[in-house]
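Trainee: Dumping the structure here so I can ask a few things about it.
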Amino acid sequence: MIPAFLGLAGPALTDAEIALFRRRLPAGFILFRRNIDTPAQVRALTDALRDLAGTARLPILIDQEGGRVARLQPPHWPAFPPGQRFADLWQVAPATAMAAARANAQAIALVLADLGISVDCLPLLDVRQEGAHDIIGDRALGTDPLQVAALGRATLDGLQAGGVVGVVKHVPGHGRALADSHLDLPVVTAGAEELEIDLAPFIRLADAPMAMTAHILYPAWDERLCASLSPTIIAHIIRGRIGFAGLLMSDDLGMKALGLQPGGNSMAGRALGVLAAGCDIALHCSGDLAEMTALADALPDIGEAARDRLEAAMDWAAAHGPGGWRGSPAGAPTVSAEALIARREQLFAAVA
């Protein structure tokens with residue numbers, strides 16, 4: 001097994017993908033809109049991935065945040081609101097906002113688990129800052145770190161109750177970035193004291209099972225390397241100051257921010273860079289077969305510490321939810337996604 005989560009080209013595994021993954025099995029997979037058609041098709045795809053890996057405990061990831069970041073969309077799946085909706089509700093009724101965020105996340109988890117998807121890249125713990133790039137924008141849970149932490153905890157609890165693993169992102173904080181790391185390398189010039197605001201939600205949720213790094217340069221901590229490539233930031237800030245002990249994955253290797261860092265335009269070089277810095281998993285999303293082949297051939301087998309963190313992360317939600325993605329006998333969930341969505345709407349309406 002290699003320390004990478006990989007994408008797929010389309011809605012079904014190709015012969016070439018099967019051959020590559022049998023030769024160099026990745027630690028998990030991530031799905032995008034190009035992989036999504038109907039509920040039956042998605043379940044068939046996730047079943048095929050688990051069969052290929054030979055385990056029901058396979059991490060199959062998706063970005064199902066709600067709002068503008070949602071790989072599953074109507075008419076087959078419900079629309080979910082962005083983080084800003086819960087941030088707005090918090091201003092009126094904090095306890096109600098937390099209850100709504102938890103119900104919403106549990107509904108998302110039940111939808112995902114029914115499809116065989118085991119990991120959602122949620123919640124965002126980025127503290128939104130005035131004047132920052134809109135790449136975070138309404139995805140954020142607010143501008144106050146304690147509010148972000150509270151709503152993030154409610155979201156994480158809801159995902160766990162639905163049997164899906166949560167991923168806190170983008171550690172150590174994307175809320176100040178003035179550029180989109182998909183397109184450029186953001187540089188956050190705030191000093192270490194100011195950056196304590198960004199760290200606060202991650203510190204409070206340091207027990208999360210998985211986290212995703214930010215491709216952002218923070219000169220206060222490392223003048224040369226962005227967080228995903230910085231041994232200093234990963235060791236002293238993420239593992240040290242924050243105290244995060246779970247599975248740490250990079251953000252997507254294909255983002256242009258990394259093209260301006262050591263490793264350049266080589267996906268294998270980027271992957272080796274994030275692993276050398278201290279990430280447990282390199283995330284590669286494009287599904288490009290040539291890139292994945294080069295990456296798979298360059299990477300070593302996953303290390304013992306990373307494997308242990310991966311196992312612990314998958315255990316995090318294993319005692320919860322309806323059991324669909326784990327391949328266990330499907331017991332009827334005690335609550336449906338539809339009922340949880342209705343509850344969320346009741347909470348929204350109660351303080352409208």
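Since every read-out is calculated from the coordinates, none of them should be taken as a lab result. What you see is a predicted model; the values in this text were computed from it and never measured. With ideal geometry, Cβ positions are generated from the backbone for all residues, glycine too; neighbour counts draw on all protein chains shown.
Trainee: Taking the C-alpha atoms of region 52-163, how large are the radius of gyration and the largest Cα-Cα span, Dmax, in Å?
Mentor: Rg, Dmax (Cα atoms, Å): 14.3, 49.
Trainee: A further question on this structure: For region 2-350, what is the largest minus smallest coordinate of the Cα atoms on each principal axis, given in angstrom and ordered from greatest to least?
Mentor: Principal axes ranked by extent give 52, 50, 32 Å for the Cα atoms.
Trainee: To continue, here is another question. Given R₀ = 41 Å, FRET efficiency for Ser336-Ala192 by Cβ-Cβ distance, to 0.05?
Mentor: 0.30
Trainee: Next question. Any number yet on Rg/Rh for region 1-105, C-alpha, Kirkwood?
Mentor: So for region 1-105, dividing Rg by the Kirkwood Rh gives 1.09.
Trainee: Fewest to most neighbouring Cβ within 10 Å: what's the order for Ile238, Ile108?
Mentor: In increasing order of surrounding Cβ atoms, one gets Ile238, Ile108.
Trainee: Consider a paramagnetic label point 7 Å from the Cα of Ala56 along Cα→Cβ; state which residues of region 147-181 have an amide N under 13 Å from it.
Mentor: From region 147-181, the list is empty.
Trainee: To one decimal place, what Kirkwood hydrodynamic radius in Å is obtained for region 13-71 from all pairs of distinct Cα atoms?
Mentor: Result for region 13-71 stands at 12.4 Å.
Trainee: As a check on your grasp of the helix formula, calculate [θ] at 222 nm for the chain: sum -39500 (n - 2.57) over DSSP H runs of n ≥ 4, divide by the residue count, round to the nearest 500.
Mentor: After summing the helix terms and dividing by residue count, I get -12000 deg cm²/dmol.
Trainee: Give me the net charge of Gln147's neighbourhood, meaning all other residues with Cβ under 13 Å from the Cβ of Gln147; Lys, Arg count +1, Asp, Glu -1.
Mentor: 0
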